[in-house]
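Where a number appears in this text, it was derived from the coordinates with a stated rule and is not lab data. As the structure is a prediction and not an experimental result, all values here were calculated from the model. Quick reminder, even Gly has a Cβ in these numbers, built from the backbone with ideal geometry, and neighbours come from all protein chains shown.
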Amino acid sequence: MKKSKQVGFTLIEVLIALVILAIALTAVMKCAGQDTKNVLYLEQKTIAGLVGMNVMNEVRVGLLKVQSASGPLTGTSIMLNKEWKWEVSLSETPQPSIQKINVDVSSSTSQQMIRLWGYFYDAS
């Protein structure tokens, strides 16, 4: 009798290779999904920052009148087809003619996304 040499993989070897491949692809898909979440979060943070800078600049040029004694001023802005809520307040600094601007921005569906602060010179 002649013994024939086996050529190729056995069924068990093929199944083990498929299990290893499935585990590796699952890890890749999980990483890609997490990256997508991070990109969306960073996009929202960036837009909130732009809204906050717009509000701060409106205070600096006098389009928004905020009185430090009357408490924070709240409002909404629409940027990139999404509504954003903001709250701006002024606080005193050791220099009486310089005021600190505090701006908090949140999306309409979540808590605070970003907090910005800056200063402006009040000549009055």
Exercise. Which peptide among 24-36, 97-109 comes first, and what is the full order, when sorted by highest mean count of other Cβ atoms within 10 Å?
Worked result: 97-109, 24-36
Exercise. Can you work out ³J(HN,Hα) from phi for every residue in region 43-56, in order, using Karplus 6.51 cos²θ - 1.76 cosθ + 1.60 and θ = phi - 60°, giving whole Hz and x for Gly and Pro?
Worked result: 4, 5, 4, 5, 5, 4, x, 5, 4, x, 5, 4, 5, 4
Exercise. Which label marks the calculated value of P(r) over Cα pairs in 10 Å bins from 0, in percent, given the options (1) 11, 21, 9, 8, 8, 7, 7, 7, 8, 7, 6, 3, 0; (2) 11, 28, 17, 11, 9, 8, 6, 5, 3, 2, 0; (3) 12, 45, 34, 8, 1?
Worked result: (2)
For this session: Of the options Gln95, Gly49, Thr109, report the single residue whose Cα projects farthest towards the positive end of the charge dipole of region 11-121 (beta-carbon charges: Lys, Arg +1; Asp, Glu -1).
Result: Gln95
